[in-house]
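These notes concern the structure reproduced below.
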Amino acid sequence: MNYVSTRGGMAPQAFSDILLEGLAPDGGLAVPQELPRIDAATLESWRDLTYADLAFEVLSRFASDIPVEDLRRMTRAAYQPASFKSADIVPLKPLDETTALVGLSEGPTLAFKDMAMQFLGQVFEYVLGKRGATLNILGATSGDTGSAAEYALRGKKGVAVFMLSPHGRMSAFQRAQMYSLQDENIHNIAVRGVFDEAQDIVKALAGDLDFKSRMRLGAVNSINWARIAAQVVYYFWGWLRATGKPGQQVSFTVPSGNFGNILSGHIARGMGLPVRRLVLATNENNVLEEFFRTGIYSPRGPEHTYATSSPSMDISRASNFERFVYDLVGRDGNRVKALWAEMAKTGRFDLSAEHSRFESEFGFVAGRSSHEDRLDTIRALFESKGLLIDPHTADGVKVAAQFVEPGVPMLVLETALPAKFSETIQQAIGRPAPVPADLAGLEALPQRVEVMDCDAGLVRAFLEKHAKL
Ligand SMILES: *Cc1c(COP(=O)(O)O)cnc(C)c1O
């Protein structure tokens, strides 16, 4: 299995080679040259596997350059019950006869980002060890990605994490989660500014190619193919848990921001998993919902990207979307290049001529949710079932209801636990979300964080001093 670029300008490379890279050299994203196919008999033979061993089966199709015994050891280390709050790793939680949540948020940081990051932590350490190399992960976070990366990479050999966060702008719980880590390879840097300014510092430093190679800088952002591949696993898992016979179709609803999570569903469907619909749910930031409704892709600037109560979906320029468009235009890199050039010039592109294929060929439909919808959905589920969900998952549950069909299980991906977004829970039901027992004392633990002005020079100097070289 080799990987090429969505813009057609990269010689085929192995999984381990694209693992540590960001964008392809031509500005595109790495994608498999062709998708592995899983036939019905193979799928049936997977019914009794543990999550870790299912992950091995799926990932061995993508990471074909890693010896199978090493890969099996890594998936077992990544998806061990000790790291998750559920012995199943990913429990299914029924809401009614047709709809269930896929519990992706039982990992260390209470959001689905852990599912991919736990594997990334294993495979980064492994590949770096093989090559005798080191890597310094530099990133900016407004919450979920940074903490998932830190928990996955803490204590790992050959790798250090430098995570910028906006000083004073994350919830007390999110701060405690990240800043209480005392591992020598984890560096929290709180900058006096907003998230976008922190992100600009990362872009400036990673864009200085001499500094980047001297400091061995890397990233774990959502365009990383290994993250997409690791997320494919839970679509298979959800199907295996929700069905009893070969060929039975299920639909998935996915609360979406950067289009990473739902892209993994698109890949699973392309591998032969019987998926009827992929329902994309957005909040008020509905650039993607608009695309799937009209065929026009028109990303918005920061001034029209709203701060909502499902903040991890406040994204107007979804980085993984290009991978879907690549498939939509028949895997024609030149066409993708032309579309992105057109967008750079005019701010949009128009694929409305292809609109009828979005659902008929790829199963994609979309809906949007608002702050009121979120509160209503959280309250209704709590009152009727005693079940508490987070605001992002609520966007999914709200939109899923529009697309439920008799006899087709609807699986909504649970992208975070409510404890992470307690303010909105308080607003919905009049009291805060309970904090999982093992995290009860988190906010009282000593914190380790470097606070500095929003200045790339200061972060540069910090890296010069602390990077693992
Ligand atoms: C990251 C995130 C999302 C959005 O996922 P994408 O892969 O970016 O589409 C949704 N909900 C939560 C809680 C998240 O952390």
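The values are calculated or read from the model by the stated rules, or taken from the named source; none is laboratory data. What you see is a predicted model; the values in this text were computed from it and never measured. Here Cβ is always computed from backbone atoms with ideal geometry, including for glycine, and neighbour counts include all displayed protein chains. What goes into the accessible areas is simple: the full protein's heavy atoms, side chains included, and nothing from ligands, DNA or RNA. Shrake-Rupley method; radii C 1.70, N 1.55, O 1.52, S 1.80 Å.
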Residues located in segment 375-418, provided they are within 12 Å of the ligand (Cβ to nearest atom) and assigned to a helix (DSSP H, G or I): Pro391, His392, Thr393, Ala394, Asp395, Gly396, Pro418
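Here is a list: Leu35, Leu92, Leu104. Which entry is open to solvent by 10 Å² or more (accessible area, probe 1.4 Å), of a type in the set (A, V, I, L, M, F, W, C) and under 25 Å from Lys385 (Cα atoms)?
On the way: Leu35 fails: under 25 Å from Lys385 (Cα atoms); Leu104 fails: open to solvent by 10 Å² or more (accessible area, probe 1.4 Å).
Exactly one residue qualifies, and that residue is Leu92.
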Residue within segment 374-388 that is in contact with a helix residue (DSSP H, G or I) (Cβ under 8 Å, 6 or more places away or on another chain) and under 17 Å from Arg293 (Cβ atoms) present: no
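Filter segment 251-282 for residues that are part of a loop (DSSP other than H, G, I, E, B) and more than 8 Å from the ligand (Cβ to nearest atom) and give the result. I'd like the intermediate steps shown before the answer.
First, the residues of segment 251-282 that are part of a loop (DSSP other than H, G, I, E, B): 256-259, 271-274.
Those that are part of a loop (DSSP other than H, G, I, E, B) and more than 8 Å from the ligand (Cβ to nearest atom): Met271, Gly272, Leu273, Pro274.
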Pairs, first charged (D, E, K, R) in segment 20-31, second open to solvent by 10 Å² or more (accessible area, probe 1.4 Å) and in a loop (DSSP other than H, G, I, E, B), C-beta under 7 Å, six or more apart: Asp26/Arg7; Asp26/Gly9; Asp26/Met10
Members of segment 134-160 that are within 14 Å of the ligand (Cβ to nearest atom) and among the polar types (S, T, N, Q): Thr141, Ser142, Thr145, Ser147
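Grab the helices (runs of 4 or more DSSP H) fully contained in segment 138-250, keeping just those with 1 or more residues being among the polar types (S, T, N, Q), closer than 30 Å to Val4 by Cα and open to solvent by 10 Å² or more (accessible area, probe 1.4 Å). Show your work before the answer.
Working: elements: 144-153, 172-179, 195-207, 209-214, 225-242.
Those helices (runs of 4 or more DSSP H) span 144-153, 195-207, 209-214.
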Every residue from segment 14-32 that is open to solvent by 50 Å² or more (accessible area, probe 1.4 Å) and either in contact with a helix residue (DSSP H, G or I) (Cβ under 7 Å, 6 or more places away or on another chain) or at pLDDT 90 or above (or both): Asp17
Segment 370-385 residues that are small (Gly, Ala, Ser), paired with ones that are crowded, with 16+ Cβ neighbours inside 10 Å and not in a helix (DSSP H, G or I) (beta carbon under 9 Å, 6 or more apart): Ser370/Asn283; Ser370/Glu284; Ser370/Thr308
Verdict on Tyr297 being hydroxyl-bearing (Ser, Thr, Tyr), within 23 Å of Asn224 (Cα to Cα), more than 16 Å from the ligand (Cβ to nearest atom) and not assigned by TED's automatic domain parsing to the domain that holds Asp48: no
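For Asp53, state whether it is in contact with a helix residue (DSSP H, G or I) (Cβ under 8 Å, 6 or more places away or on another chain) and either open to solvent by less than 10 Å² (accessible area, probe 1.4 Å) or of a type in the set (Ser, Thr, Tyr) (or both).
Details: in contact with a helix residue (DSSP H, G or I) (Cβ under 8 Å, 6 or more places away or on another chain): yes; either open to solvent by less than 10 Å² (accessible area, probe 1.4 Å) or of a type in the set (Ser, Thr, Tyr) (or both): no.
So Asp53 fails the test.
Among Phe358, Phe362, which is in a helix (DSSP H, G or I), aromatic (Phe, Trp, Tyr) and in contact with a helix residue (DSSP H, G or I) (Cβ under 9 Å, 6 or more places away or on another chain)? Write out each step before concluding.
Working: Phe362 fails: in a helix (DSSP H, G or I).
Every option except Phe358 fails the conditions.
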Subset of segment 309-350 (residues that are open to solvent by less than 30 Å² (accessible area, probe 1.4 Å), hydrophobic (A, V, I, L, M, F, W, C) and more than 12 Å from Arg7 (Cα to Cα)): Met313, Ala318, Phe321, Phe324, Leu328, Met343, Phe349
Subset tally (residues that are in contact (Cβ under 8 Å) with a residue 24 or more places away in the chain and assigned to a helix (DSSP H, G or I)) for segment 320-338: 12
Pick from segment 414-469, criterion farther than 22 Å from Asn188 by Cβ and β-branched (Val, Ile, Thr), ranking: surrounded by the most Cβ atoms within 10 Å (Cβ to Cβ): Thr415
Residue check for Ala11: assigned to a loop (DSSP other than H, G, I, E, B), surrounded by fewer than 21 Cβ atoms within 10 Å (Cβ to Cβ) and outside the structural domain of Ser319 (by TED's automatic domain parsing): yes
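Kindly indicate whether Ala307 is within 22 Å of Ala268 (Cα to Cα) and part of a loop (DSSP other than H, G, I, E, B). Let's see the steps before the verdict.
Working: within 22 Å of Ala268 (Cα to Cα): no; part of a loop (DSSP other than H, G, I, E, B): yes.
Criteria not met by Ala307.
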